[in-house]
Amino acid sequence: MKFAVVGTGMMGCEHIRNLAHIPDVDLVAIADPNEKPRNWALKACGDRFSPKIVDDYRDLKSLDLDAVVIASPNFTHINVVRDLADTSFHLLLEKPMCTTLEDAREVIDLDDAREPMIWVALEYRYMSATTHFLNRIPEVGDLKMFFIREHRGPFLRKVDNWNRFNRNSGGTLVEKCCHFFDLMNLATGAHPVSAMASGNQDVNHLDETYDGERSDILDNAFTIINYDNGVRACLDLCMFAEGSPNEQELTATGSSGKLEVRIPNNQLSLSKRTGELEEYEVPHDPDIAFMGLHHGASYLEQKAFIHAIRTGKPPSVNTRDGFQSVAMGIAAQESIASGQPVAIQPL
Ligand SMILES: NC(=O)c1ccc[n+]([C@@H]2O[C@H](COP(=O)([O-])OP(=O)(O)OC[C@H]3O[C@@H](n4cnc5c(N)ncnc54)[C@H](O)[C@@H]3O)[C@@H](O)[C@H]2O)c1
């Protein structure tokens with residue numbers, strides 16, 4: 001299977017390392033306008049791949065490829081998808097699918113009009129602890145409340161620091177939290193109706209300016225999502241809490257019990273209202289051949305993407321999932337700006 005990667009910064013290189021751990025795959029080309037990340041990519045290739053290097057991803061169109069991984073900055077996703085839409089390439093498109101609803105709708109239209117798939121890389125679904133947790137949610141009875149806490153450090157430095165501005169990333173609740181909104185949708189199995197959020201940029205990047213413009217991304221927020229089946233979900237995000245022993249905590253509470261998991265220590269507990277308590281550490285999926293930066297999740301996602309291509313199956317994470325997670329982040333950002341609840345745009 002012949003691959004190319006567009007954008008070979010941190011995530012593009014993670015995809016290359018994943019591919020290097022999967023048999024019967026060749027990395028035929030990489031595309032990045034900057035020399036430094038192109039060199040990172042060659043290092044990630046090791047002895048396994050000798051890709052052609054291009055500056056402009058549009059030059060990939062003349063190559064014989066099966067699949068392209070799009071790992072360029074968020075604001076570039078729409079143009080890359082537009083330009084590659086008329087090819088036969090299957091696309092693995094990094095999250096967030098886009099930075100605006102208008103662009104996300106266009107990606108759905110482009111996807112509907114083409115035969116090969118567009119798979120949106122919402123890979124938190126593939127973390128071993130998350131998958132295990134989602135599978136056990138029915139054991140809490142009727143799910144009523146779903147809670148996610150992410151307490152971590154600030155956004156990492158990026159090539160040209162594109163992630164320091166809302167206009168480039170879509171805003172923190174789109175860029176980072178589309179993963180968590182996607183998990184909420186999976187856990188509830190329902191449609192998100194409205195968002196109420198409060199947040200701010202209180203600590204991080206306050207003294208960072210680029211061409212005289214100060215970074216404007218928020219670093220903490222509480223977001224409540226109301227679902228059409230009555231379930232309430234809440235996200236507690238703090239990006240100045242790198243001392244936190246776990247980065248993520250997920251809690252599902254229902255009519256008969258409560259399920260919790262912490263990541264990365266993978267400790268899970270299921271407590272019943274009758275007093276029973278089950279606690280254990282969730283093992284990593286034995287199929288993971290490369291842990292990478294996301295506890296093996298992007299490796300498993302890459303394998304699932306390749307399996308879908310080989311078997312002709314539809315994408316497990318499609319552009320509608322991508323749209324929904326972006327729409328929730330945008331509604332939450334708007335709620336913070338207005339101080340009012342905001343309706344989540346339907347497809
Ligand atoms: N799935 C995850 O958990 C996860 C984690 C990190 C990043 N991401 C996503 O991956 C994407 C890349 O993020 P990153 O952290 O690697 O950023 P990065 O800045 O490290 O890398 C982005 C790369 O894209 C290149 N680039 C810029 N414009 C381009 C263009 N027009 N064509 C081709 N390449 C171009 C840059 O030179 C850079 O090398 C983003 O969409 C980000 O949200 C996903």
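Over the chain, Cα pairs under 8 Å with separation of 6+ residues give a relative contact order of 21 percent. Evaluated with a Cβ-only charge set (Lys, Arg +1; Asp, Glu -1), region 261-347 carries a dipole of roughly 280 debye about its Cα centre, given to the nearest 20. Assign one of three labels to region 82-230, namely rounded, prolate or oblate, based on the Cα gyration tensor with a ≥ b ≥ c the square roots of its eigenvalues; rounded applies when a/c is under 1.5, prolate when it is not and a/b is larger than b/c, and oblate otherwise. Judged from the Cα gyration tensor, region 82-230 comes out oblate (a/c at least 1.5, b/c at or above a/b). Site pair SER269 and LYS144 shows an inter-label distance of 1.9 nm when each label is modelled 7 Å from Cα along Cα→Cβ.
The stretch between THR87 and LYS61 holds 8.7 nm of extra length on full extension. This uses 0.36 nm per residue minus the Cα-Cα distance. Summary of packing: across the peptides 200-206, 186-192, the per-residue average of other C-beta atoms within 10 Å ranks them, highest first, as 186-192, 200-206. Assuming charge only on the beta carbon of Lys and Arg (+1) and of Asp and Glu (-1), the dipole of region 2-122 about its Cα centre is about 460 debye to the nearest 20. Counting protein heavy atoms only, region 54-114 has 43 percent of its accessible area on carbon and sulfur, 1.4 angstrom probe. Restricting attention to the chain, close to 60% of DSSP beta bridges with both partner residues there are antiparallel. Based on the alpha-carbon gyration tensor of region 268-347 and its eigenvalue square roots a ≥ b ≥ c, which shape applies: rounded if a/c is under 1.5, prolate if not and a/b is larger than b/c, or oblate? Judged from the Cα gyration tensor, region 268-347 comes out oblate (a/c at least 1.5, b/c at or above a/b). The accessible area of SER50, taken with all protein chains in place and a 1.4 Å probe, comes to roughly 110 Å². Computed over region 211-324, relative contact order equals 10 percent, with contacts defined as Cα pairs under 8 Å that lie 6+ residues apart. Put the Cα centre of region 171-215 next to the Cα centre of region 1-76 and the gap is 28 Å. With all pairs of different C-alpha atoms in the average, the Kirkwood value for the hydrodynamic radius of the chain is 20.8 Å.
Could you tell me the center-to-center distance, by alpha carbons, between region 103-166 and region 281-318 in angstrom? Their Cα centres are 14 Å away from one another. Using the average count of surrounding beta-carbon atoms within 10 Å as a protection proxy, the listed peptides 57-70, 133-146 rank, highest first, as 57-70, 133-146.
With R₀ set to 22 Å, the beta-carbon distance separating SER255 from ALA190 gives a calculated FRET efficiency near 0.90. According to the calculation over all Cα-Cα pairs in region 1-156, the P(r) per 5 Å bin from zero is 2, 8, 16, 19, 17, 14, 11, 7, 4, 2, 1 %. Within the full protein context, the accessible area of HIS21 is estimated at about 80 Å² for a probe radius of 1.4 Å.
The packing ranking of peptides 154-161, 177-184, 259-266, 207-214, highest mean first, is 177-184, 259-266, 154-161, 207-214, where packing means the average number of other beta carbon atoms within 10 angstrom of each residue. What percent of all Cα-Cα pairs in region 248-309 falls in each 5 Å bin, counting up from 0? Each 5 Å bin holds this share of Cα pairs: 4, 16, 19, 17, 15, 12, 10, 6, 1, 0.
The values are calculated or read from the model by the stated rules, or taken from the named source; none is laboratory data. This is a predicted model, so every value here is computed, not measured. FYI the Cβ positions are ideal-geometry reconstructions off the backbone, even for glycines, and counts take in every protein chain you see. Accessible surface is based on the protein model in full, side chains and every heavy atom, while ligands, DNA and RNA are left aside. Shrake-Rupley method; radii C 1.70, N 1.55, O 1.52, S 1.80 Å.
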